[in-house]
Amino acid sequence: MKILAIETATPASSVAIGTGTTLEAMSLQVNRRGHVGFLVPAIDFCFRQAGWAPTDVDVVAVDIGPGPFTGIRAGISTAQAIAAAIGAPLVTVGSLTALALRAATGRRRIWPVVDVRRGQVATCPYRPVPGGVVRDGMPEVVTPEEFAALVDSGGDDALVVGDWQVLPESVLRGLHRVKTGRPRYPSADVLLEIAALKAGADEFAGPEDVRPLYLREPDAQINWTDIREEGVWPGATS
């Protein structure tokens with residue numbers, strides 16, 4: 001089974017292709033605003049490295065978030081376009097799961113962190129199990145102080161991974177029985193591993209499932225009520 005994995009939910013964009021869980025090629029860049037310009041050249045590069053054609057792909061995997069809006073949209077739209085063009089099914093993966101899987105430890109409860117801006121992070125607890133991790137709660141968006149309260153309330157030894165550098169130092173110093181570690185960002189090679197397992201279990205995503213997992217409203221919103229009532233765009237002049 002040949003899989004194309006696309007990761008754009010954080011500043012680290014990456015593309016990976018592989019046969020099952022075996023990585024064939026990968027491309028990565030860290031650029032908070034460079035998702036769109038990176039994807040197509042990265043996909044072409046991976047195909048050339050592996051000697052694949054787009055039609056060789058059996059499954060397309062994509063990270064649906066949580067994460068910043070623009071990056072997630074870029075990855076999902078690219079994955080949907082490729083899947084539609086070649087007739088391949090889609091598999092969705094969450095950025096928090098991808099972080100937790102790569103950070104799996106023998107005993108510590110894992111708290112992956114994704115910076116979603118506006119002074120907030122997305123997080124969700126995971127527990128390591130033989131061969132992987134299991135989610136131990138629901139994803140949510142919290143302030144640094146709320147995050148510290150969540151970790152402390154668990155009462156377990158904890159490992160914080162992901163973009164924990166965005167948390168104030170005072171928050172991390174106040175956490176007991178807690179270590180910080182890697183990875184900082186999810187990557188497409190981890191998506192590849194998860195997608196191979198999901199595809200093997202026929203856990204494909206329907207059209208209604210391939211939606212961004214934002215966990216909050218976008219920063220900029222259109223006031224559709226004003227538009228309908230006034231017949232003009234906000235700020236437009238006559």
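Points worth noting:
- Search result, residues across the range 130-162 that are aliphatic (A, V, I, L, M) and under 16 Å from Thr180 (Cβ atoms): Ala148, Leu150, Val151, Ala158, Leu159, Val160, Val161
- Flag not set for Thr8, criterion: hydroxyl-bearing (Ser, Thr, Tyr), modelled with pLDDT of 95 or more, more than 16 Å from the chain's Cα centre (by Cα) and over 19 Å from Arg135 (Cβ atoms).
- Meets criteria (surrounded by fewer than 21 Cβ atoms within 10 Å (Cβ to Cβ) and closer than 15 Å to Pro186 by Cβ) for Ala100: no
- Residue, modelled with the highest pLDDT, within the range 181-222, restricted to residues that are surrounded by fewer than 13 Cβ atoms within 10 Å (Cβ to Cβ) and part of a helix (DSSP H, G or I): Gly200
- Within the range 26-60, being surrounded by fewer than 19 Cβ atoms within 10 Å (Cβ to Cβ) and assigned to a strand (DSSP E or B) holds for Leu28, Gln29, Val30.
- Residues in the range 168-180 that are touching a residue at least 24 places away in the same chain (Cβ under 8 Å) and either part of a strand (DSSP E or B) or in the same structural domain as Val15 (by TED's automatic domain parsing) (or both): Val178, Lys179.
The values are calculated or read from the model by the stated rules, or taken from the named source; none is laboratory data. Fair warning: this is a prediction, and the values are worked out from it, not measured in the lab. Every residue, glycine among them, receives a Cβ derived from its backbone with ideal geometry; neighbour counts consider all protein chains shown.
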